[in-house]
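What follows is a single structure, written as structure tokens, with notes after it.
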Amino acid sequence: MSSRSFAADAREWFQVGEIEPGLHVVAEPGHVLSWLIAGSERCALLDTGLGLADISTAISPVAAAPAFVVNSHVHFDHVGGNELFEHTEMHELAPQWIEAGCREAHLRAYRELADSMNESWSRFERADRDGWFMIGPDETMRAWPGRGIAELGWRIDPPRPTRLLADGDAIELGERTLRVIHTPGHAPDHICLLDEAAGILFAQDQAYHGPHLIYEEGSDPAVFARSARRLADELAGRSGSSTWPTACGRRSRRASSASSRTRRRRWPAARRRSRRCGACSESGCAAQTSATSRS
Ligand SMILES: [Zn+2]
């Protein structure tokens, strides 16, 4: 556990929303989404965000069981709160990419990006209030904590994981199992998590609306495309070479998905949209939720 100070107050920075019993989105609106996935014995926190506020404080009111971390990949905006948790799991390739994903240059560039994002957001919000009223409270960007960062700094330094994951591994939460699917391309270590029984694919940076960011060190558009094709084929039951063959069952054909990016949609709308397929042409098959954004 850490006694570190944060640039922003968790109660003001995060938006925690229940998608369905046992599943919460932990949003940093306009930036990134993490997910709290509950089983009967423990909760998996899929990613820990930007590390600008204490995500362990944000989830504590809704975490029905002890929480541990699973990282979709180690880009800086997904591991910012790792050090707040004793147990962290990530793909076996991740440790060698931690330094590349968390460089000071990334944080400096993101601070500059955040300034322009906030300016754009203000114009967008004013236009919305002129008559569209499309922006709900869940999408409202928080003020960028520039003063807090100047006073306390912004450091992302995830500790070494306590478990390394490989394609096909199971993460047992108690009456809920998450299956690891290695989906390199956005990042070499990127994984998706499949809850086959519930029919939910947690896709993070593998699947979201808008331009995909596949230009970081270690990114590869061709590999990303193969991962997308594999996901679509596996979830549609078209592949015979799966290392996780049970993913092709009837429940998986109804899978929806949860990504790390969202914008301009309230959670109920995002969930309704997530029931539609965005990954393949099979009717009634797999899918993705919302989003655009960065990194
Ligand atoms: Zn990423």
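The values are calculated or read from the model by the stated rules, or taken from the named source; none is laboratory data. No experiment lies behind these values; they were computed from the predicted model shown. Positions of Cβ are backbone-derived with ideal geometry, glycine not excepted, and every protein chain shown enters the neighbour counts.
If you go through segment 168-185, how many residues are of a type outside the set (A, V, I, L, M) and buried (at least 16 other Cβ atoms within 10 Å of the Cβ)? Number satisfying all stated conditions: 8.
On the given criteria, is Arg176 in contact with a strand residue (DSSP E or B) (Cβ under 7 Å, 6 or more places away or on another chain) and of a type in the set (Lys, Arg)? Judged against the criteria, Arg176 is a match.
Between Gly49, Gly81, the distinction of being over 20 Å from Glu172 (Cβ atoms), buried (at least 16 other Cβ atoms within 10 Å of the Cβ) and within 13 Å of the ligand (Cβ to nearest atom) belongs to Gly49 only.
A quick yes/no check of all residues on (1) over 20 Å from Trp35 (Cα atoms); (2) in contact with a helix residue (DSSP H, G or I) (Cβ under 9 Å, 6 or more places away or on another chain):
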| residue | (1), (2) |
| --- | --- |
| Glu83 | no, no |
| Ile98 | yes, no |
| Trp121 | yes, no |
| Ala143 | yes, yes |
| Gly153 | yes, no |
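Does Gln288 fit the bill of being assigned to a loop (DSSP other than H, G, I, E, B) and modelled with pLDDT under 80? Answer is yes for this residue. Checked against (1) surrounded by fewer than 24 Cβ atoms within 10 Å (Cβ to Cβ); (2) modelled with pLDDT of 95 or more; (3) of a type in the set (Ser, Thr, Tyr), Ser5 passes all but a single condition, namely (2). Going by the structure shown, is Ala203 surrounded by fewer than 21 Cβ atoms within 10 Å (Cβ to Cβ) and either in contact with a strand residue (DSSP E or B) (Cβ under 7 Å, 6 or more places away or on another chain) or in a helix (DSSP H, G or I) (or both)? Answer is no for this residue. Of all the listed residues (Glu112, Glu125, Glu99), the sole one being within 16 Å of the ligand (Cβ to nearest atom), free of Cβ contacts under 8 Å to residues at least 40 places away in the same chain and assigned to a helix (DSSP H, G or I) is Glu99.
The residues on offer are Glu139, Glu92, and the sole one that is more than 16 Å from the ligand (Cβ to nearest atom), at pLDDT 95 or above and surrounded by 12 or more Cβ atoms within 10 Å (Cβ to Cβ) is Glu92.
Each row is one residue, and each column tells you yes or no for (1) over 19 Å from Ala8 (Cα atoms); (2) in contact with a Pro (Cβ under 8 Å, 6 or more places away or on another chain).
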{"site": "Asp77", "(1), (2)": "no, no"}
{"site": "Arg126", "(1), (2)": "yes, no"}
{"site": "Gly131", "(1), (2)": "yes, no"}
{"site": "Met134", "(1), (2)": "yes, no"}
{"site": "Thr140", "(1), (2)": "no, yes"}
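Suppose the filter is in contact (Cβ under 8 Å) with a residue 40 or more places away in the chain, assigned to a loop (DSSP other than H, G, I, E, B), within 16 Å of the ligand (Cβ to nearest atom) and among the hydrophobic types (A, V, I, L, M, F, W, C); does Val74 pass it? So Val74 passes the test.
Residues in segment 155-200 that are outside any loop (DSSP other than H, G, I, E, B), among the basic types (Lys, Arg) and out of contact with any Phe, Trp or Tyr (no Cβ under 6 Å at 6 or more places or on another chain): Arg163 alone. Report yes if some residue within segment 130-144 is among the β-branched types (Val, Ile, Thr) and closer than 30 Å to Gln96 by Cα; otherwise report no. No; the residues of segment 130-144 include none that is among the β-branched types (Val, Ile, Thr) and closer than 30 Å to Gln96 by Cα. In the condition set (1) crowded, with 24+ Cβ neighbours inside 10 Å; (2) over 13 Å from the mean Cα position of the chain (by Cα); (3) not polar (S, T, N, Q), His75 is compliant with all but (2). Within segment 8-18, the only residue that satisfies the criterion of being buried (at least 20 other Cβ atoms within 10 Å of the Cβ) and farther than 10 Å from Ala58 by Cβ is Ala8. Against the list (1) away from the ligand (no atom under 13 Å from the Cβ); (2) modelled with pLDDT of 95 or more, the condition Thr246 fails is (2). Every listed requirement among (1) small (Gly, Ala, Ser); (2) without any contact (Cβ under 8 Å) to a residue 12 or more places away in the chain; (3) farther than 30 Å from Gly199 by Cα is met by Ser5 save one, (2).
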